[in-house]
Each structure stands twice: as structure tokens, then as C-alpha cells.
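All of the numbers you see were taken from the coordinates with simple rules; none came from a lab. Quick caveat, the model's predicted, so the values are computed rather than measured. Ideal geometry is used to build each Cβ from the backbone, glycine not excepted, and the neighbour counts take in all protein chains shown.
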Amino acid sequence: MSDLIQLIDTNTRTKVSEYPAFKSGDTVNVHVRIREGNKERIQQFQGVVLQRKNPGTAGETFTVRKISSGIGVHRIFPIASPNIDKIEVLRRGKVRRARLNYLKGLQGKAARIKEKL
Amino acid sequence: MSGIIGKKIGMTSIYDENGRNIACTLLEAGPCIVTQVRNEETDGYKAVQLSFEERKEKNTPNALIGHFKKAATTPKKHVVEFRDFRMEFEGGVKIGQEIKLEDVFIVGDYLDAIGISKGKGFQGVVKRHGFGGVGQATHGQHNRLRAPGSIGGASYPARVFKGLRMAGQTGNRRAKVVNLRVLQIIPEKNLLVVSGSVPGAINSTIILEK
């Protein structure tokens, strides 16, 4: 990648270094800014990180899975987005792969992830 | 029309003040040297000729070396004329003057980008002109799913009209994209960030017009 692209990407990703390091298998709580008319509020989205895509670039995203009233929900966040207020890591998971697509069909006991100590 | 010559660096994305992700193209534009100023008395029209990117003297024809010497500069690869060049310099633009990116564009401007589009080779009508193809795989369609269909009547007009869209060379021709917004300018790196995409491959020359 060209130095100049990296320069612009670093400027875009300034906030990313403030977030704690996390990877797939971790349980995170993402605080998202939501604008409704003139009002702004914070919404939280808590779940397991399934994957991080395009790391190191301005277009990096991460996918969070949570079970919302019995239904599995995936949400993809652009990590450099100014709409992300903060990211909290609640639990470090011990997983053996970078992309946890196998979780998609599982629920309950089968969908557990061991904690990394 | 003002403008500058640049080089395509590549694409990335940035966020605007509303938190929206915008695809953008990075261009290294200028500095350009004015190699000729055309005026109404001698040339019949007003224009400014700009040159961009160093070129080895041994690869430059003698006629061009003389042309660049007149402007007291080194040989350049690209020479482009801009009609009615508007710029707020005292006494107008002079030969040999250096034109920088920030002299021509400010953030928020809209510009047109001209380049040579990526060559796609000899392509059929579906890719080249957006034809729909046959649309059915059954009912006797054996191997003509992407065929153009009829190209005209047999008994009248009994010929094929000129300019009828057919298969042929696609891309590798001059292409212009209009109304790209200037998102950022970084003068010390001669770096220009515009919204959207620009024709051509990475490192290809792009003419930017305002």
C-alpha cells in the first residue's frame, strides 16, 4: 500500500488506538451514538466478536453477535466510525480460529466459549 | 477553466462530519510549471499550458527540450493546455511559474477528472453496452446467452445502420468523471482527496479541471 494512502488511513483511524485490543471470541460492549432528529443518545450492543475484517485499514470492520429475545443478531461495525463512542471488553474468549462462523448455527450449551485466563 | 495535472495513488475511505463513510480517491497533483501562455493576439484564444512529472533529458526530443528551456525548466512528461485559466495572481499567469495544488483547488470545490480508463480488451455487447443478453437459458438457447440479437431488417433497410452498438474494444480510452468533491488537501505532500472514483489505473495521469 502506498505511503500516502497509509497517511490518510492513519488520520481516519485516530480513535481506534484508544479502544482496548480485542479479537474474535471476546465478549464486547459497543457504545453506539444514535442521532434522532436533534437528540443524540447512546445505544449499547453487547455480544461475542465473530471476526475482524481488513485490519489496519480505514475500512476495518468487526462483527458482533448477540442473542436478542431468542433470535441471533449480527451487527457489523466499521471500527473507525465516529459513531462508535467506546468499546468495552467484558470477557476474553479462548478460541482457535480467527472467524467464528461456526457459532451461527449453535445456541445454548453448544455456543459457549471458554474464557482465556 | 482552471486545472492541474496529477497522478492517481489509489482509493480508501474517510468519514464525514455526519459519520458517513465516503469512498475517496487519492491523487498526487502538481506542482506544475507553466510552459506557455497563449493569448488572443498571437494564438486567437486564451490558455495556459502546464507541464508535470520529470522526464530524462535523453528521452526527450530536441524540439521539446527547446520548448522547456524557454520556460527555464527541466523536461517534463506531460503537457496539457487549460483554456481560460482563472487564477488570482497579480498580472496573471507567467511562463515558468510554478502552479501548486492549493493555488487551484480549495476544500469543497467540485472538479472533473479526465484519465485513460482501464482497458478491458475486446468485449461483447453485454459488458460493453449493457445489453440484457437473451434472458433465457432454455427454449432453444444453446450457446447465445449473451448474443446481441437482431441488428436490423433483412429486406428493409437491407443494411446495418452506422453506429449500431456491437462488440469491440472496451476501455483504454479517454474518460471523464464530472463533479467530484474535494474532501481534503494536504499541500506539503501535494495530496488531493476527492470523493468517488477516477478513471484509469494506479499511477496513471489524471487531468483535474475545475
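Remarks
- The alpha carbon centroids of the range A:1-62 and the range B:146-176 are separated by 49 Å.
- Length available on full extension from B:T42 to B:R165: 0.36 nm per residue minus the Cα-Cα distance, which gives 40.0 nm.
- In this calculation the C-beta distance from B:E98 to A:E18 is compared with R0 = 51 Å, giving a FRET efficiency of 0.80.
- Cross-linked pairs B:K118/B:K210; B:K46/B:K70; B:K94/B:K120; A:K15/A:K116: Cα-Cα separations exceed 31 Å for B:K94/B:K120.
- Proxy reagent accessibility, fewest Cβ within 10 Å first, across B:E53, B:E209, A:E36: A:E36, B:E53, B:E209
- Cubic angstrom per residue, convex hull over Cα atoms of chain A: 127
- Taking the fewest neighbouring Cβ atoms within 10 Å as the starting point, the ordered list for B:I4, A:I71 is A:I71, B:I4.
- Of the three principal axes defined by the Cα atoms of the protein assembly as shown, the extents in descending order read 85, 68, 46 Å.
- Theoretical FRET efficiency, 1/(1+(r/R0)^6), r = Cβ-Cβ of A:L106 and B:A201, R0 56 Å, to 0.05: 0.80
- Theoretical gain in end-to-end length, B:A63 to B:H139 [0.36 nm per residue, Cα-Cα removed]: 20.9 nm
- For chain B, the relative contact order is 31 percent, taking Cα pairs closer than 8 Å that sit 6 or more residues apart in sequence and dividing their mean separation by the residue count.
- Rounded to the nearest 0.05, the FRET efficiency derived from the C-beta distance between A:V89 and A:T61 at R0 = 25 Å is 0.90.
- Ordering B:L183, B:L50 by the number of other Cβ atoms within 10 Å of each residue's own Cβ, fewest first, gives B:L183, B:L50.
- Cleavage-rule hits (chymotrypsin sites (Phe, Trp or Tyr not before Pro)) in the range B:1-81: DSSP loop, at most 12 neighbouring Cβ within 10 angstrom: B:Y45
- Reach of B:K162 by Cα under 22 Å, taken over lysines that are not fewer than 8 positions away in the same chain: B:K127
- Percentage relative contact order, chain A, counting C-alpha pairs under 8 Å, at least six apart: 28
- For the range B:122-170, averaging the sequence separation of C-alpha pairs within contact (under 8 Å, six or more residues apart) and dividing by the residue count gives a relative contact order of 49 percent.
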